[in-house]
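Beneath this line is the structure, given in structure tokens, with notes to follow.
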């Protein structure tokens, strides 16, 4: 009954008071045309936004899925540069991160795994290509058409099962008409830190049938965290990436796109870790320097600041052939990632704990799809998908209780190999005018292999587990009017069991499963207003959860179950020419229904935590705020023979917890960004002055409790800067 109550109450503002809403304009500019079923036209006439949430081109307002499509303009106005920061725009999304590991969650469903091969249950795609390794999903947004975020389990047409949802970053394919732009930005942060950012994009035809593009990024940011040990600052970031596509159209019925991308990142994010509320065992020893203000650090691992760096090579080949009434699509991809990460576990200048880890995954995927392309009442998609990952994760671990104990590193050298094959099909049939039903299913079989060596001793080399699962989705959709679409869905999702690469155990944790019921309303009550509502109820079982172990490594376990329900309301409006407004409100009730043996940490007098097993039933899920609110907009007006604009974005989040007992958390907070700028009459020059985190709010990027204490890494402080963009 809870979900029915939520549906009724949350729908009232939509049905009774639509004119009172704020939101992003329904006719907000998007990029131009993109070919293929996974790269669709972002906007075509009268505010119709085309998305690929079901792996075919459909209107955002007609697809029976809770999906948010974020435009390039909204990304820029809100200061969102990476996928993990989409929480500032997308209701129900939380872009968690643990060093180099991206750990997003949607509606409370998210992974905290740090083992190589432990895939996130919020899948990340780039142009429909699955990014299987969670160490590889820190994607900087350069030339992006839009970002689609699907909420709820994806157990049918997308390549990998995802219990929480997925993020699909859509970039434009090369165009034959030449165009190019280059943008330079300079920002200023605390401690006189500079942030230089150069991005550029160019595309054009090489022949009558071949076109190419190139997107490049270079960012260099000085350290902004005060070094209390030796003076100066830490927290430097340097990123260089290049991405290029080659489009080949041998005929009107065939198209192929080859993508090559490379990124090289060096970050001292780990170096900005500091004790959370002074909780560190290092405080017990003479000479310890304990920071008590945000962005002040004293942690040094062997005299070297912590670091997070990685390189990634991406190759993808996509093909599309029109067979006459049916489209054949193929997507092949290869990804090679190399990560090096050093972190000080007690976050002080006293060496008690450290992890020095390298991650070496290689992934390969192959997908074949057949998609109906005719005027029949039945539209369908069917295909097969293969996924393989091979990886190593050598780790040097230090853990000692006091400074008198000799430093005795432990070396862990796991190897993992995962393979999966799935077959899927989904069809939508129009039962009557304006009434349709969707049925979809997927059968997945997976094999996971694991070997472990500790301090040079081979513990085992042949641990193997197989997992099979059938997942499905049912949806009913009714178009009450051209401007009002109602839908109800019931779907299941599953995440395969996996091994803990930090342990000596050859036993994998059990798969996690989810059953999701959702009701939605998509409406355009006025030409200038769009209002979309989704309410949901989840039964979530065998959650895979990760926490620190007593020896400073990691424990991977199954929590029994969780109950999740809530709703999201998204509003967008263009009440007058040039004014685009947007708002998003999310409520998520997410608690552990049963979790009797949770790995927990109890703060001790003098610093550090007692590691224990306790009942966490009834507590709030980690990284899941109960309420979030986004308000934003942009106003464009004529000025100096060109166009001026002013915009901003305000994001509010209620309290967020990072442990199962709900002891370690981030209080409610707000993030505010703003911009003002001018566009030349010929639209070839744009000048912007911007701010990010304008109020200089200290917000946790992550809080990591463990036996040696709890450390916090804050998001970046206030940045104020300017940018110039030239278009050709």
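The values are calculated or read from the model by the stated rules, or taken from the named source; none is laboratory data. In this text the structure is predicted, and so the values were computed from the model without any measurement. As a convention, Cβ positions derive from the backbone with ideal geometry for all residues, glycine included, and neighbour counts pool all protein chains shown.
Listing for the model above:
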item	result
Every residue from segment 442-463 that is closer than 11 Å to residue 412 by Cβ and buried (at least 20 other Cβ atoms within 10 Å of the Cβ)	452
Selected residue [under 19 Å from residue 390 (Cα atoms) and touching a strand residue (DSSP E or B) at 6+ places or on another chain (Cβ under 6 Å)] from 138, 131, 154	131
Any strands (runs of 3 or more DSSP E) falling wholly within segment 644-728 and containing at least 1 residues that are touching a residue at least 12 places away in the same chain (Cβ under 8 Å) and under 20 Å from the mean Cα position of the chain (by Cα)	669-679, 685-692, 700-706, 709-714
Any hit, segment 411-425, residues being more than 30 Å from residue 484 (Cα to Cα), free of Cβ contacts under 8 Å to residues at least 12 places away in the same chain and either more than 28 Å from the chain's Cα centre (by Cα) or surrounded by 14 or more Cβ atoms within 10 Å (Cβ to Cβ) (or both)	no
Unmet criterion (only one of (1) within 30 Å of residue 398 (Cα to Cα); (2) without any contact (Cβ under 8 Å) to a residue 60 or more places away in the chain; (3) within 28 Å of the chain's Cα centre (by Cα)) for residue 460	(3)
Residue list for segment 509-523, filter: surrounded by 20 or more Cβ atoms within 10 Å (Cβ to Cβ) and either farther than 15 Å from residue 118 by Cβ or more than 22 Å from the chain's Cα centre (by Cα) (or both)	509, 513, 514, 516, 518, 519, 520, 521, 522, 523
Extreme residue, modelled with the lowest pLDDT, among residues of segment 553-611 that are under 24 Å from residue 118 (Cβ atoms) and part of a loop (DSSP other than H, G, I, E, B)	553
Test: residue in segment 614-627 that is modelled with pLDDT of 95 or more and in contact with a helix residue (DSSP H, G or I) (Cβ under 6 Å, 6 or more places away or on another chain)	no
Qualifying residue in segment 40-60 (condition: at pLDDT 85 or above and in a loop (DSSP other than H, G, I, E, B))	yes
Any hit, segment 340-353, residues being within 26 Å of the chain's Cα centre (by Cα) and assigned to a loop (DSSP other than H, G, I, E, B)	yes
Residue that is in contact with a helix residue (DSSP H, G or I) (Cβ under 7 Å, 6 or more places away or on another chain), over 30 Å from residue 586 (Cα atoms) and either touching a residue at least 24 places away in the same chain (Cβ under 8 Å) or loosely packed, with under 15 Cβ neighbours inside 10 Å (or both), where the choices are 207, 233	233
Matching strands (runs of 3 or more DSSP E) fully within segment 66-133 where at least 2 residues are modelled with pLDDT of 90 or more and farther than 17 Å from residue 653 by Cα	67-71, 122-126
Qualifying residue in segment 164-173 (condition: touching a helix residue (DSSP H, G or I) at 6+ places or on another chain (Cβ under 9 Å) and farther than 25 Å from residue 699 by Cα)	yes
Lone qualifier among 371, 297 - being under 28 Å from the mean Cα position of the chain (by Cα) and under 26 Å from residue 700 (Cα atoms)	297
